[in-house]
Amino acid sequence: MKVLKSFFLIINYKTLIITSLSVISTYVCYHLGLIAKFPDMLVGVAIVFPVVFSIGSAYNRREVALQRFSDFKGHAIALYYASRDWTSDKDNDLPVQVRSLVASMLTLMRAMFTSQHRKDWEENERKIFQYFSQLSEVTVTFRRHGIPSGEFSRLSQYVSKMIIAFDNLRIIHAYRTPITLRAYSKVFIYIFPIIYGPYFASTFKDFSSSLEYVMPVLYSFILVSLDNIQDHLEHPFDEMGEDDIRIDENEVIRHMD
């Protein structure tokens, strides 16, 4: 059942529209006698290769985003453990402050990366760096609770690495796979099943009765499904696909006990 659920995620209204138009185009071409033998290799060179390249590029972006989010989470948890265990004076609220700031940052990051509205991005980014500033100020107070200067330098590195990890995630979210390549692929994916109507019509004699429309349906279904897969991977933070990155602040906070 899980396989079927994942499979149906790549089927949407575009699949139905393009498949229907392909069948209509094939029907019209056959009855008007518009028949042509187009080369099959054109599909691979003009469509499949660019789409597969885009899917591979989007997948690599997702993998890098996972690594950067792990960096952020790991250094945040390490900073919390330091606030809890490294101080000689245990009568302080440093762990509470660190945990609260990290939870606020993760909540805001999730809102930023899942939102489709760019107008709020600058304001949320400003708030994120305000949280980083507060976190840096908290680490300064560690020295008053018995943290040696050498260890304080390490804590500053934890904060800087969290900032770098966040900025990497921001860049991955903002800069996607080549826009012109995606536009090119989409145009040809959507028009190919329609303009190939004469080719599909020419294959009618090769199929049994009632199977004449198998080819236009399969071509349309496969090509649009590949495009849908690329779209899901292109937005790794929107939490709409099976392979999306889910920023769960509660999961991270559970490790801060």
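Remarks
- Scanning the chain for chymotrypsin sites (Phe, Trp or Tyr not before Pro) lying in DSSP loops with no more than 14 further Cβ atoms inside 10 Å, the longest uninterrupted stretch between such sites is 1-174.
- Cα-derived Rg over Rh, computed across the range 97-162 with Rh taken as Kirkwood radius: 1.09
- Full-stretch length increase - D167, D93 - with 0.36 nm per residue and alpha-carbon distance subtracted: 23.8 nm
- With 5 Å bins beginning at zero, the pair-distance distribution over Cα atoms of the range 170-210 amounts to 5, 18, 14, 14, 12, 10, 8, 7, 5, 5, 2 %.
- Volume per residue for the range 62-105 equals 44 cubic angstrom (convex hull of Cα atoms).
- Eigen-decomposition of the gyration tensor built on the alpha-carbon atoms of the range 1-142 gives equivalent ellipsoid semi-axes of 55, 16, 14 angstrom, largest listed first.
- The HN-Hα couplings worked out from phi for the range 209-222 by the Karplus form 6.51 cos²θ - 1.76 cosθ + 1.60 (θ = phi - 60°) are 4, 6, 10, 5, 9, 5, 5, x, 5, 5, 4, 5, 4, 5 Hz, whole numbers, x standing for Gly and Pro.
- Over the chain, relative contact order from alpha-carbon pairs under 8 Å, at least 6 apart, %: 41
- When you filter the GluC sites (Glu not before Pro) in the range 194-239 for DSSP loop state and at most 16 other Cβ atoms inside 10 Å of their Cβ, you are left with E239.
- Helical contribution to [θ] at 222 nm, DSSP H n ≥ 4, -39,500 (n - 2.57), averaged over the chain, rounded to 500: -24000 deg cm²/dmol
- One equal scatterer on each Cα of the range 189-247, no solvent, Debye formula: the resulting log10 I(q)/I(0) at q = 0.20, 0.22, 0.26 Å⁻¹ is -0.74, -0.82, -0.98.
- Inverting the pair-averaged 1/r between distinct Cα atoms of the range 143-233 gives 18.2 Å as its Kirkwood hydrodynamic radius.
- Computed from Cα atoms, the angle from the helix 49-85 axis to the main principal axis of the chain rounds to 20 degrees.
- With respect to the chain, whose longest principal axis is taken over its alpha-carbon atoms, helix 179-195 is tilted by about 30°.
- The spacing between the range 42-102 and the range 137-191, judged by their C-alpha centroids, is 8 Å.
- Compactness of the chain as Cα Rg over 2.2 N^0.38 Å, two decimals: 1.45
- Relative intensity, log₁₀ I(q)/I(0), of the range 106-257 from a Debye sum that treats every alpha carbon as a point, q = 0.11, 0.13, 0.20 Å⁻¹: -0.66, -0.80, -1.26
- Label-point gap, in nm, between R126 and I35 - each point 7 angstrom along Cα→Cβ: 6.8
- Between helix 121-141 and the chain: long-axis angle, C-alpha atoms, 0 to 90°, nearest 10: 30
None of the figures in this text is laboratory data; all of them are computed from the coordinates on show. A quick note: this is a predicted structure, and the numbers were derived from the prediction, not measured. No Cβ is skipped: glycine too gets one built from the backbone with ideal geometry, and neighbour counts run over all protein chains shown.
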